[in-house]
Amino acid sequence: MLISQIRDNSGAITVAVREQGGEARAVKNAPSVYALAMEAADSDKSLADIIAAHGLGDVVDLTKARDEGRFLPPITHPDPAHIHLTGTGLTHLGSAATRDSMHKKTTEAAEETLTDSMKMFRMGLENGKPKPGERGVQPEWFYKGNGTQAVAGEQPLTSPSFALDGGEEPEMAGIYVIGKHGAPFRVGFAVSNEFSDHVTERINYLYLAHSKLRQASFGPEIRIGAPPEDIRGTSRIRRGDKVIFEKPFLSGEANMSHTFANLEYHHFKYSLFRQPGDIHVHMFGTATLSFADGIKPEAGDVFEIEVPEFGMALRNPLAIASEEDATVRTL
C-alpha cells in the first residue's frame, strides 16, 4: 500500500492511499498521515487496519495534484521542530559487479593504508548484518535538520548562498513515529533525495557535518510494509529539455552492508530519539552520485529519483538562496 498527503483546494490535508498501479482514494476522517500513524501506534494496531477502519472515500487524482504543486511531504507534524531528518552513510556495497572487488580491496589492504571511511566500510562488511538477537557494528551517522528542512516533491531544494555545491543523493528513507510510551514504530519506506554539499565534504571529511545541513525531500508516497530485498531505481538530472545525468542505483538489504534493523537500532538506541509524538525520517545511504561523474548541478536543474515499487517519482528543481544576514547581535 502507498500513502501520501496533498493539500486540497481549501488548504486542508487529504490523505490518499492506493495499491501500486491502482487509483488513489481519500481516507475518511483522516486529518493527516501523522494522525493515522499515531492512532495505530497508540492502539497497537497496524496502519493498514486503521486505514480500513476509517474507510475510503472519493478518488484522488495524484497526477493532477502533482502537476498543480499540491503534494505535501508524505508525513508532517503540527510542530516541524518535532521532525528529525537524519541519515547514515557507508552502508551500500555499490553495484553487484564491483561487490567482490570492493570486499577484496578492503579486507586485504593493510590497516594503516585505509582511510577512516574505508575502515568504517570494512566494519560494516564484517558486522553490519548480525544474526537475530545480536547487535551489529554502528554505522556513520549524520544530522540534517528538523521538519523545517523537509521539502515536498515538485518543490525546490534550495542550496544556501554560501554552499559550494548542491547535489542529489538518491536513497531510501525509513519513516517512523514514536508512540506514547516511547516505542519507535515504522510507518514505511520512501524514496528520498538526501541533498548535500559534496564539494565542502571533499575539502576535509571533518566537514561532513557541515555538508549535510541542507534541505531534503522524500516521497511523494510512503510504501507501507516491508521493502523489497533488492531495490532498483533510476536517478536523473534534467536541464531544460535534456537529461544531463542518468544512472541506475541500488538499495535494499541485498545491496547493503548493513541490515535496516541494525541501522534502526543504532539510531533509536538513543533515548533522545524516542520522545513520544516525534517523527523521524532516517535516510539509509547510497552508492550513486552525479558528483562522482563530474556533474555540477545548476539552478533550475531538476533532480528526479524513481523507484516504481515506491510510487510516483520524486522530483525537485534546484534553487540557490540569496545571501542572508547571520550576524549575532548583543542584547
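The values are calculated or read from the model by the stated rules, or taken from the named source; none is laboratory data. Everything numeric here is computed off the predicted structure, so don't read it as measured data. Backbone-built Cβ (ideal geometry, glycine too); neighbour counts: all protein chains shown. Note: areas computed on protein heavy atoms with side chains; ligands, DNA, RNA excluded. Shrake-Rupley method; radii C 1.70, N 1.55, O 1.52, S 1.80 Å.
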Taking only the Cα positions of the stretch 212-306, the convex hull volume per residue in Å³ is 146
Hey, what do the phi angles of the stretch 117-122 turn into as Karplus ³J(HN,Hα) couplings, whole Hz, using 6.51/-1.76/1.60 and θ = phi - 60°, x for Gly and Pro?
4, 5, 4, 5, 4, 5
Which cross-chain or sequence-distant (5 or more) residues have an amide H under 5 Å from the amide H of ALA24, H modelled 1.01 Å from N in plane?
VAL60, LEU62
Leaving out ligands, DNA and RNA, what percent of the accessible area of the chain is carbon and sulfur, probe 1.4 Å?
52
Proximal lysines relative to LYS64, as straight alpha-carbon distance under 23 Å, when same-chain residues fewer than 8 apart are discounted:
LYS28
Using the Cα centre of the chain as the reference point, and only Cβ charges (+1 on K/R, -1 on D/E), how large is the resulting charge dipole? Debye, rounded to the nearest 20.
340
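Which whole-number percent is the relative contact order of the stretch 235-323 (Cα, under 8 Å, 6+ apart)? Could you put the intermediate results ahead of the total?
Values: 85 pairs, mean separation 28.4, N = 89.
Result for the stretch 235-323 is 32 percent.
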Would you please give the residues with an amide H less than 5 Å from that of VAL151, counting only those at least 5 places away or on a separate chain, with H modeled from the backbone geometry?
ALA216, SER217, PHE218
With x for Gly and Pro, the residue-by-residue ³J(HN,Hα) of the stretch 158-171, computed from phi through the Karplus equation 6.51 cos²θ - 1.76 cosθ + 1.60 at θ = phi - 60° and given in whole Hz, is 9, 8, x, 4, 8, 5, 9, 6, x, x, 7, 9, x, 9
Calc'd 3J(HN,Hα), the stretch 19-29, phi into Karplus 6.51 cos²θ - 1.76 cosθ + 1.60 (θ = phi - 60°), Hz, glycine/Pro = x, comes to 8, 4, x, x, 7, 8, 9, 6, 7, 5, 6
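What ranking do 293-306, 70-83 get when scored by the average of other Cβ atoms within 10 Å per residue, highest first?
70-83, 293-306
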Beyond 20 Å (Cα-Cα) in this structure, taken from LYS45/LYS131; LYS144/LYS180; LYS180/LYS269; LYS131/LYS269; LYS242/LYS296, we find LYS45/LYS131; LYS144/LYS180
Could you pull out every residue, at least 5 positions away or on a different chain, whose amide H is within less than 5 Å of the one on GLN5? Hs are placed 1.01 Å off N in the peptide plane, and Pro or chain starts have none.
ALA16, LEU72
